[in-house]
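Enquirer: Before we start, here is the structure in question, set down as structure tokens.
The values are calculated or read from the model by the stated rules, or taken from the named source; none is laboratory data. For clarity, every value in this text was computed on a predicted model and none was experimentally measured. Cβ placement follows ideal geometry from the backbone for every residue including glycine, while neighbour counts extend to all protein chains displayed. All accessible areas refer to the heavy atoms of the entire protein, side chains included, with ligands and DNA or RNA removed. Shrake-Rupley method; radii C 1.70, N 1.55, O 1.52, S 1.80 Å.
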Amino acid sequence: MNTTAAVPVRGATGIDATSTDSTNVARADVDGTAFDEDAAAVARLADRRATGALHTETGTLFLHQGAVVHAESPHCLGLGELLIGCGRITPDAWQRLLDRFAGEHRIGRLLVAQGVATTGELEACSVAALYDAGYFALGPGSRHTGFEPGARHWLGPVNAVAPRLLHREVVRRRLLLQRVWPWPQVDSAPVVRTGRTLPGALPPGCRRREILEHADGRRTPADLARLLGRSSYATVLEVRRLAAAGLIATPPAVTPPAPAHPAPAHPAALPRGAATCAVDALSRPAPPHPDARPQPLPWRTRGASRCRAADDQLSAHAPETALLLRIRTALEARL
């Protein structure tokens, strides 16, 4: 096995952080973020046709001449666990294979030679495992910790994916989760059934039924994926769909402790545009909890300059917002 110590990305490859050849690959407006540092690091390594392993806080990407050939993450199943889960190889046989041939980086060819999988099946499983692990390795909040030049994966050459395609798939998966149920705390919290039974709401498909059957209030989506031998991302997606249907509880979001309140700055001391941002922050409503019931919209008279019912509700909870609304009304009256 390669024992080369991991070093920072800049020192390992001579890559300058200001390189812009493939920086645009990592730009995406996902979950409120406009730039993904990990994807940018992969893009810069691809520009240099680097070979080695890029380690992040949530996984590892293996590159060969700038292409991503393998990915691993502790948050999802690897290729061996997927083959074991579908009954293609026993756990003991897989461990013996790793012990004997992992250092030779040709496990993939041995799996085909021994009839464990055909070439097409191995490529399909390898790509599925690569995208699954790549999603978590480039996940939100993850940072790259170092690049290990020359490191190779024990599977050997099977597939090669361009970093642009990997990043595009990661963005697509994030957006899909956001559309299904925009509460990411569901992904890592224990899966708890609500006990709610809606008419005709029992989701079809064995995956969702298995998740509901094994949700004991202690297993997380990652635990359920390992137990059922399923793709971790697919399990997270099904859990979000079940949460959107009201069959799985959505835990409250964890809010960081509020910092000490500093003395308010004089408006003249604020930089240009800061006052406008402060007004926008006061006027922006807080996101509701998924269990909160939506309030009916107040009636509005045709031609009215503002909605009185909404102003009364705002003035009871946010005096600053009510003051801004009164100023706006006075200005409108002078027009």
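Enquirer: Go through (1) outside any helix (DSSP H, G or I); (2) modelled with pLDDT under 95; (3) surrounded by 12 or more Cβ atoms within 10 Å (Cβ to Cβ); (4) not acidic (Asp, Glu) one by one and return the number of the condition GLY87 breaks.
Expert: Among (1) outside any helix (DSSP H, G or I); (2) modelled with pLDDT under 95; (3) surrounded by 12 or more Cβ atoms within 10 Å (Cβ to Cβ); (4) not acidic (Asp, Glu), the lone unmet condition for GLY87 is (3).
Enquirer: Look at region 90-105 and say how many of its residues are open to solvent by 50 Å² or more (accessible area, probe 1.4 Å) and not in a helix (DSSP H, G or I).
Expert: Going through region 90-105 one residue at a time, the tally reaches 1.
Enquirer: Just checking: which of the helices (runs of 4 or more DSSP H) contained wholly in region 106-181 hold 1 or more residues that are of a type outside the set (Phe, Trp, Tyr), open to solvent by 30 Å² or more (accessible area, probe 1.4 Å) and in contact with an Asp or Glu (Cβ under 8 Å, 6 or more places away or on another chain)?
Expert: On the way: elements: 107-113, 119-137, 163-180.
Per the criteria, 163-180.
Enquirer: Is it fair to say HIS70 is buried (at least 21 other Cβ atoms within 10 Å of the Cβ), in a strand (DSSP E or B) and not hydroxyl-bearing (Ser, Thr, Tyr)?
Expert: yes
Enquirer: While we're on this one: Quick one: what pairs do we get from region 156-184, first residue more than 18 Å from LEU45 (Cα to Cα) and among the aromatic types (Phe, Trp, Tyr), second open to solvent by 20 Å² or more (accessible area, probe 1.4 Å) and part of a helix (DSSP H, G or I), C-beta under 6 Å, 6+ apart or different chains?
Expert: Between residues of region 156-184 that are more than 18 Å from LEU45 (Cα to Cα) and among the aromatic types (Phe, Trp, Tyr) and residues that are open to solvent by 20 Å² or more (accessible area, probe 1.4 Å) and part of a helix (DSSP H, G or I), the close pairs are TRP181/ALA244.
Enquirer: Looking for something within 14 Å of GLY156 (Cβ to Cβ), of a type outside the set (Asp, Glu) and touching a residue at least 24 places away in the same chain (Cβ under 8 Å) - is there at least one such residue anywhere in region 88-96? Spell out how you get there, then give the answer.
Expert: From region 88-96, those within 14 Å of GLY156 (Cβ to Cβ) are none; that's our starting set.
No, region 88-96 contains no residue that is within 14 Å of GLY156 (Cβ to Cβ), of a type outside the set (Asp, Glu) and touching a residue at least 24 places away in the same chain (Cβ under 8 Å).
Enquirer: If you don't mind, another one. GLY150 fails exactly one of the following numbered conditions: (1) free of Cβ contacts under 8 Å to residues at least 60 places away in the same chain; (2) at positive phi. What is the number of that condition?
Expert: It fails just one condition, (1).
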